[in-house]
1. Are there any trypsin sites (Lys or Arg not before Pro) in the stretch 1-76 that are in a DSSP loop and have at most 14 other Cβ atoms within 10 Å? List them by number.
2. Would you mind getting me the FRET efficiency between Tyr144 and Arg31? Use the beta-carbon distance for r and R0 = 35 Å, nearest 0.05.
3. Quick check: pseudo-label points 7 Å beyond the Cα along Cα→Cβ at Met1 and Phe127, how many nm apart are they?
4. Projecting each Cα onto the charge dipole of the stretch 6-111 (Lys/Arg +1, Asp/Glu -1 at the beta carbon, about the Cα centre), which of Pro47, Leu14, Ile82 comes out farthest on the positive side?
5. From the backbone phi of the stretch 9-24, what are the Karplus-calculated ³J(HN,Hα) couplings (6.51 cos²θ - 1.76 cosθ + 1.60, θ = phi - 60°) in whole Hz, Gly and Pro given as x?
6. Under the rule a/c < 1.5 gives rounded, and otherwise a/b versus b/c splits prolate from oblate, where does the stretch 10-100 land using the Cα gyration tensor?
7. Quantify, in whole percent, the carbon and sulfur part of the accessible surface of the chain (1.4 Å probe; protein heavy atoms only).
8. Which longest run of the chain has no exposed loop site in it, a site being GluC sites (Glu not before Pro) in a DSSP loop with at most 11 other beta carbons within 10 Å, and the site itself not part of the run?
Amino acid sequence: MKEFFLQAPYLVALSAGFLVQIGKFLGHLIRYRQVNFTRLVGTGGLPSAHSASVAALSTSVAYLEGVRSTMFGVTLFFSLVIMYDAAGLRRAAGLQARVLNRIVADHYEHRPHLQERLSELLGHTPFEVFVGAALGVIYGLVLYQ
């Protein structure tokens, strides 16, 4: 079973992301003393599960195929795109959602209105992406040792 797991880089990537999400859930539970199941599937926060997943995937492919392989080059490229997107585009969307939520709240401050808030925790800071990527690489390296 372990051999199959280590021969399937996508399983290493999935498990890395899953473990990071479990860590976020437990961190929220410890810090706020409340259960928040959205931390298991939600985006944003430290560390980036997306970055951990793709870094573990690239590390697995590097181990199995070598760093000079085409497959490693492809996975590395897409890993970098995903990490850039997490810290760039999705983070900007989250910041815009925060501003829009404030505008709507100010506009309806003294009027009864059922307002739906936009999700503000969408992306990551560069530090959150870096920590996620580092955890993914470390996880991949530990699994293959």
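1. Values: sites: Lys2, Lys24, Arg31, Arg33, Arg39, Arg68; in loops: Arg33, Arg68.
Answer in residue order: Arg33, Arg68.
2. Working: r = 33 Å, r/R0 = 0.93.
With a Förster radius of 35 Å, E is 0.60.
3. Roughly 3.9 nm, to one decimal.
4. Sorting the options by dipole projection puts first Pro47.
5. Ordered by residue, 3J(HN,Hα) equals x, 5, 5, 5, 5, 4, 5, 4, x, 4, 5, 5, 5, 4, x, 5 Hz.
6. oblate
7. Numbers: 6570 of 9570 Å².
After summing per-atom areas, the C and S share lands at 69 percent.
8. Values: sites that count: Glu109, Glu116.
For GluC sites (Glu not before Pro) (loop position, at most 11 other Cβ atoms within 10 Å), the longest site-free span of the chain is 1-108.
The values are calculated or read from the model by the stated rules, or taken from the named source; none is laboratory data. Just so we're clear, the structure is a prediction, and the values are computed from it rather than from any experiment. Backbone-built Cβ (ideal geometry, glycine too); neighbour counts: all protein chains shown. SASA here: full protein model, heavy atoms, side chains in, ligands and nucleic acids out. Shrake-Rupley method; radii C 1.70, N 1.55, O 1.52, S 1.80 Å.
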